[in-house]
Amino acid sequence: MAGPHAVVLGAGIAGLLTARVLSESFARVTIVERDRSDGARVRRGVPQGRHLHGLLEGGRAVLEELYPGCTAELVRRGATAAEVLVQTRWYVGGARLAPTSTGLTSIIASRPLLEAVLRERTTAIANVSLREGITVHGLIGDAARVAGVSVAGDGPAETFAADLVVDATGRGSRIEYWLNDIGAPVPESERLEVDLGYSSRLFGHRAGQLGGDASVIISTDVNGRGGGAVRVEGDRWLITLAGMLGDHPPADPAEFRAYAATLSAPDIHEIITDSEPLDDPVPYRFRASVRRRFDRLPTPPAGLLVVGDALCAFNPLYAQGMTVAALQAAALRECLYAGGAPDELAARFHSAAAGPVAAAWRLAATSDLSNPGVTGSRDLRTRLTNVYVAQAHRAAHHDRAVARTFMRVAHLVEPPAALAHPLTAGRIMLRGNGSTRT
């Protein structure tokens, strides 16, 4: 055992996965959550919970390892399992990627369903408990070591002593303030302003729509507009429209429909015009991607880990957040299995987690910087990468092998270097310039 007690702050996806991993190494794991859960509703602390969420294959594989049978359970409860590019449509660079087998499985479900299944499976573990209605006020300890948290609920303030504290409180994390309060070093942050806006609405699903496919994703084009339609539990379409740099989709129903007509492919607009709306559009705004560089702290306080969106909040357009949280949980599991001094766990974990975070960050940031309106440094590597990726998009529109590799990279199953493999690069250079041979 790494210690008697671990406290996880936040019962979202990252917190639940982390608690699941810690249950193998700690005698007790306590999850502290401000919201009171209702499996059928979106929690107040998840403002993006009513919008489209994507679980990439890299994350689904980790979930299946941590929770055997998780995919089948989600399907039993109404989620859709579909092979990427076979039963789902992807439009990138203004056209549809070539339909082909990818070996990737999309689990299409609402955020409340995903969270409910993981919460039930995690809290069913004997040494894991969930305390809801609890607000965290700060850390207990000093610059050398975090020894617990101070919290308050319905009753008087409490103190939870802990051998390990994990901040999984998401994009709204107050970790910098908490570290300042105990005199601990605060990591530097990287920030990329995208001013993304969402608007989402539920529609009834009818047989035969979208040719029987389970989803369609239209990536943001040169006008910064995109969207997705996914068939979720309850035989419903969840449709999310997106716009960058302040060009946000409206919440007015008629304007929502008109905005969908401006996307680079007609599929989503056709669903909207051919379906019965079940609610009104709901807006959401995401201003900037933020990456906290705990991996660069020379002397991080022992006993504190930061995970999920509290560590790195990605542009949600790329659906990386849940998958990177899962990859962080896998990295933590490896760190715990490897042993080592408990006081060194924080440094070892943040170093290990930096790998999947950096890979996803580069993919998202490079894509964002392909939009000339996004402010940020564009070094030679970034500019050349975006030229090459644009060629890969064109090739993937009609070359099945390139489409397959592109999606496996996007799903965080293969590294970006897979697109530079000599055989793939040759196809991209040839087919990315207009050839239609497959």
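Here are some notes:
- Taking the square roots of 5 times each eigenvalue of the Cα gyration tensor of region 200-274, largest first, gives ellipsoid semi-axes of 21, 13, 10 Å.
- The tail of the calculated P(r) for region 352-408 beyond 14 Å holds 62 percent of all Cα-Cα pairs.
- Think of each Lys and Arg Cβ as +1 and each Asp and Glu Cβ as -1; about the Cα centre, that makes the dipole of region 282-365 roughly 380 debye.
- A dipole drawn for the chain from +1 and -1 charges on Cβ atoms has a positive end, and of Ile13, Ala392, Gly155 the residue lying farthest that way is Ala392.
- Three-way shape label, region 134-197, alpha-carbon gyration tensor, a/c 1.5: oblate
- Working from Cα pairs under 8 Å separated by at least six residues, relative contact order for region 123-200 is 23 percent.
- Average projected area [Cα convex hull, region 277-435], square nanometres: 13.5
- Extent along principal axes [Cα atoms of the chain; Å; largest to smallest]: 61, 47, 39
- Over region 78-147 - Rg/Rh using Cα atoms and the Kirkwood inverse-distance radius: 1.24
- CD proxy at 222 nm, helix term only [per DSSP H run n ≥ 4: -39500 (n - 2.57); per residue of the chain; nearest 500]: -10000 deg cm²/dmol
- Beta bridges from DSSP with both residues in the chain: antiparallel share about 70 percent, rounded to the nearest 5.
- Summed residue charge, Cβ within 10 Å of Pro4's Cβ, Lys/Arg positive, Asp/Glu negative: 0
- Relative contact order of region 281-438, defined on C-alpha pairs under 8 angstrom at six or more residues apart (%): 18
- Normalised alpha carbon radius of gyration of region 138-272 [divisor 2.2 N^0.38 Å]: 1.58
- Working value for region 1-147: equivalent-ellipsoid semi-axes of 33, 17, 16 Å, each the square root of 5 times a Cα gyration tensor eigenvalue, largest first.
- Cα gyration tensor shape for region 285-352, rounded if a/c is under 1.5, else prolate or oblate: oblate
Throughout, read-outs are computed from the coordinates displayed, never taken from laboratory work. Values in this document were obtained by computation on a predicted structure and should not be read as measured data. Virtual Cβ from ideal backbone geometry, glycine too; neighbours counted across all protein chains shown.
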